[in-house]
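The values are calculated or read from the model by the stated rules, or taken from the named source; none is laboratory data. Given the structure is predicted, the values throughout are model-derived calculations rather than measurements. Counting neighbours? That spans all protein chains shown, and the Cβs are built from the backbone with ideal geometry, glycine included. Side chains included, ligands, DNA and RNA excluded: accessible areas come from the protein's heavy atoms. Shrake-Rupley method; radii C 1.70, N 1.55, O 1.52, S 1.80 Å.
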Amino acid sequence: MSVQQQAITILMVILGTMLTRFLPFLLFPAGKPTPKYIRYLGKVLPAAVFGLLVIYCVRNVSVLEGSHGIPELISIAAVAALHLWKKNMFLSIAVGTILYMVLVQFVF
């Protein structure tokens, strides 16, 4: 890349970042009520994203080979139980990740 192309790339990245940061404040100012569909998306999208992540994480797990998906199942159960108990998403994800890595590295 030439220096001019690098500068243009950096400027486009800055523009894209600024646009995604400021656009919600321009579209939905503080004085106006939030539209119903935006509130609906705010309620359903987090669960949908985590459901998608679970499917993505276990898509290549073979129950007929290796550890038979036991570390994954234990970790998913731990995340679900911890989240139901503490209601802290960060804690649930962190403990689930650490538990999975310990199980894979040292147990299975």
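What to note about this one:
- Annotation for I93 and A47: the two label points, set 7 Å from Cα along the Cα-Cβ direction, are 1.8 nm apart.
- According to the calculation over all Cα-Cα pairs in the chain, the P(r) per 10 Å bin from zero is 11, 25, 21, 22, 18, 3 %.
- Average Cα contact separation per residue, the chain, under 8 Å, 6 or more apart, as relative contact order %: 16
- Derived scalar couplings ³J(HN,Hα) [segment 69-83; Karplus, 6.51 cos²θ - 1.76 cosθ + 1.60; whole Hz; x for Gly, Pro]: x, 5, x, 5, 5, 4, 5, 5, 5, 5, 4, 5, 5, 5, 5
- With every protein chain in place, the chain: carbon and sulfur % of accessible area (1.4 Å): 75
- Once both labels are positioned 7 Å from their Cα atoms along Cα-to-Cβ, the gap between F22 and Y56 label points is 3.0 nm.
- Accessible surface for segment 27-83, divided over its residues, is 79 Å² per residue with a 1.4 Å probe.
- Exposed trypsin sites (Lys or Arg not before Pro) absent: longest stretch of the chain, with sites in DSSP loops and at most 15 other Cβ within 10 Å deemed exposed: 1-58
- Estimated at 0.36 nm per residue, the fully extended path between V13 and F106 surpasses their Cα-Cα distance by 29.3 nm.
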